[in-house]
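Below is one structure, written out as structure tokens, with a few remarks after it.
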Amino acid sequence: MFEEFTWEFIVGHLNYWLFIVLMMTGLYIVVARSNLVKKLVGLNIFQVSVFMLYISMGKITGGTAPIFPTDMKVDPGVTYSNPLPHVLILTAIVVGIATTSLALALIVRIREEYNTIDEAGILEIESTICRAENQLHGEAMGGRA
Amino acid sequence: MLVITALTVVRTASLFAVVMLSGVFSLLSALLLVTLDAVDVAFTEAAVGAGISTVLMLSTLALTSRHERPSKLSPVVPLFVVLVTGAALFYGTLDMPNFGSADAPAMLHVYPEYMERSQHEIGVPNVVTGILASYRGYDTLGETAVVFTAGVGVLMLLSGLRRRREDDEDDDGENQRGSG
């Protein structure tokens with residue numbers, strides 16, 4: 001397995017590895033931090049690194065941006081990078097900002113309701129409410145529940 | 001640079017600084033996208049990622065709090081999850097073609113056809129614009145639907161905000177009057 005790790009292979013795959021490191025940093029922020037805004041920033045980092053992963057697949061060494069000369073006389077000697085990932089990622093960026101804004105609105109609403117944007121704080125409040133309700137229902141059931 | 005910015009985001013507790021760093025991250029990634037020949041994407045990323053989303057996050061911070069409470073969770077389990085996922089992804093990249101190679105599978109099937117046909121059929125010099133508006137027009141339509149839905153959702157979530165606040169203040173005022 002290790003004989004394929006030639007110098008050329010390593011240099012050719014460095015870009016993927018860089019984006020994986022970025023992705024995992026974003027994922028770590030999402031999983032380990034309990035502040036909701038920070039989670040969202042982590043999610044953004046994850047998203048952008050996925051975008052860059054896709055774009056880097058469309059790159060051709062020595063190629064140029066996929067824009068023809070304005071007189072449309074295309075020189076067959078010029079290589080252009082693959083425009084299809086660009087198109088897909090353009091759509092994805094706009095959809096990403098839409099979901100981000102929705103999440104931010106949700107955070108504002110959560111803060112209004114719970115007066116905190118910290119996940120641990122929300123869980124605390126929720127469990128207090130739950131305990132109070134259980135006690136209430138328990139008394140109503142005559143101490144059997 | 002990107003990695004340093006991302007790691008700083010992990011360490012920083014001030015949310016204002018975190019939001020600014022996310023703007024820096026977007027701008028750096030836009031620069032990287034330019035070097036990867038994706039000028040349209042870089043343009044959008046700089047405008048949307050560094051511009052609009054930073055403004056949105058700042059306005060959220062203005063409505064909420066600015067500082068992160070120190071986390072009581074242990075970092076071991078998340079770190080384990082992240083490392084396992086990262087290892088799996090790393091294993092997946094071993095089959096990928098080398099960066100920038102012209103004979104990668106992505107370059108052999110659809111790519112030449114699109115490049116060839118968009119010269120005659122569309123006549124727009126920018127191939128990305130041509131594909132986005134013509135061949136994949138329905139994608140853009142769906143994207144518009146998504147953005148519209150998100151906008152309606154945001155409006156519905158935030159529309160009662162001011163009214164509810166005034167109600168709260170009224171309640172507080174009445175309570176104070178009652179106690180006083």
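The values are calculated or read from the model by the stated rules, or taken from the named source; none is laboratory data. No experiment lies behind these values; they were computed from the predicted model shown. Reconstructed Cβ throughout: ideal geometry from the backbone, glycine too, with neighbour counts over all protein chains shown.
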Matching residues in region A:52-66 (touching a Phe, Trp or Tyr at 6+ places or on another chain (Cβ under 9 Å) and surrounded by 18 or more Cβ atoms within 10 Å (Cβ to Cβ)) number 10
Here are B:Gly49, B:Gly100: which of them is at the interface with chain A (Cβ under 7 Å from one of its Cβ atoms) and at positive phi? B:Gly100
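Based on what the data block shows, is B:Thr54 at pLDDT 85 or above and hydroxyl-bearing (Ser, Thr, Tyr)?
Values: at pLDDT 85 or above: yes; hydroxyl-bearing (Ser, Thr, Tyr): yes.
Against the criterion (at pLDDT 85 or above and hydroxyl-bearing (Ser, Thr, Tyr)), B:Thr54 qualifies.
Table: residues versus (1) more than 7 Å from chain B (Cβ to nearest Cβ); (2) closer than 28 Å to B:Thr44 by Cβ; (3) aromatic (Phe, Trp, Tyr); (4) within 28 Å of the chain's Cα centre (by Cα).
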position	(1), (2), (3), (4)
A:Phe5	yes, no, yes, no
A:Tyr16	no, yes, yes, yes
A:Phe19	yes, yes, yes, yes
A:Leu27	no, yes, no, yes
A:Ser34	no, no, no, yes
A:Val41	no, yes, no, yes
A:Phe46	yes, yes, yes, yes
A:Gly63	no, yes, no, no
Looking only at region A:1-46, which residues are among the polar types (S, T, N, Q) and assigned to a helix (DSSP H, G or I)? A:Asn15, A:Thr25, A:Asn44
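State whether the residues of region A:1-11 include one that is touching a Gly at 6+ places or on another chain (Cβ under 8 Å) and surrounded by fewer than 24 Cβ atoms within 10 Å (Cβ to Cβ).
Narrowing region A:1-11 to residues touching a Gly at 6+ places or on another chain (Cβ under 8 Å): none.
No, that holds for no residue.
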Tell me, please, whether a residue that is at pLDDT 85 or above, within 16 Å of A:Ile97 (Cα to Cα), in contact with a His (Cβ under 7 Å, 6 or more places away or on another chain) and buried (at least 21 other Cβ atoms within 10 Å of the Cβ) can be found in region B:35-43. yes
State all residues of region A:65-118 that are closer than 24 Å to B:Phe148 by Cβ and among the β-branched types (Val, Ile, Thr); if no residue qualifies, say none. A:Val87, A:Ile89, A:Thr91, A:Ile93, A:Val94, A:Val95, A:Ile97, A:Thr99, A:Thr100, A:Ile107, A:Val108, A:Ile110
Looking only at region A:110-124, which residues are within 17 Å of B:Val154 (Cβ to Cβ) and more than 22 Å from the chain's Cα centre (by Cα)? A:Arg111, A:Glu112, A:Glu113
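Can you spot a residue in region B:64-77 that is within 23 Å of the chain's Cα centre (by Cα) and in a helix (DSSP H, G or I)? So that I can check it myself, show each step before the final result.
At the first step, the residues of region B:64-77 found to be within 23 Å of the chain's Cα centre (by Cα) are B:64-68.
Restricting the remaining residues to those that are in a helix (DSSP H, G or I) gives none.
Checking region B:64-77: not a single residue is within 23 Å of the chain's Cα centre (by Cα) and in a helix (DSSP H, G or I).
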Select, from B:Met107, B:Met57, the only residue that is within 22 Å of A:Gly63 (Cβ to Cβ), surrounded by 18 or more Cβ atoms within 10 Å (Cβ to Cβ) and either within 9 Å of another protein chain (Cβ to nearest Cβ) or without any contact (Cβ under 8 Å) to a residue 24 or more places away in the chain (or both). B:Met107
Any idea which of (1) farther than 24 Å from A:His86 by Cα; (2) aliphatic (A, V, I, L, M); (3) at pLDDT 85 or above is the one B:Ala62 doesn't satisfy? (3)
Where the second residue is hydrophobic (A, V, I, L, M, F, W, C) and assigned to a loop (DSSP other than H, G, I, E, B) and the first is touching a residue at least 24 places away in the same chain (Cβ under 8 Å) and surrounded by fewer than 21 Cβ atoms within 10 Å (Cβ to Cβ) and lies in region A:90-117, which pairs have Cβ atoms under 9 Å and are six or more apart or on separate chains? A:Ile110/A:Ile117
Name the residues in region B:10-37 that are in contact (Cβ under 8 Å) with a residue 12 or more places away in the chain and within 18 Å of A:Leu90 (Cβ to Cβ), would you? B:Ser26, B:Leu27, B:Ser29, B:Ala30, B:Leu32, B:Leu33
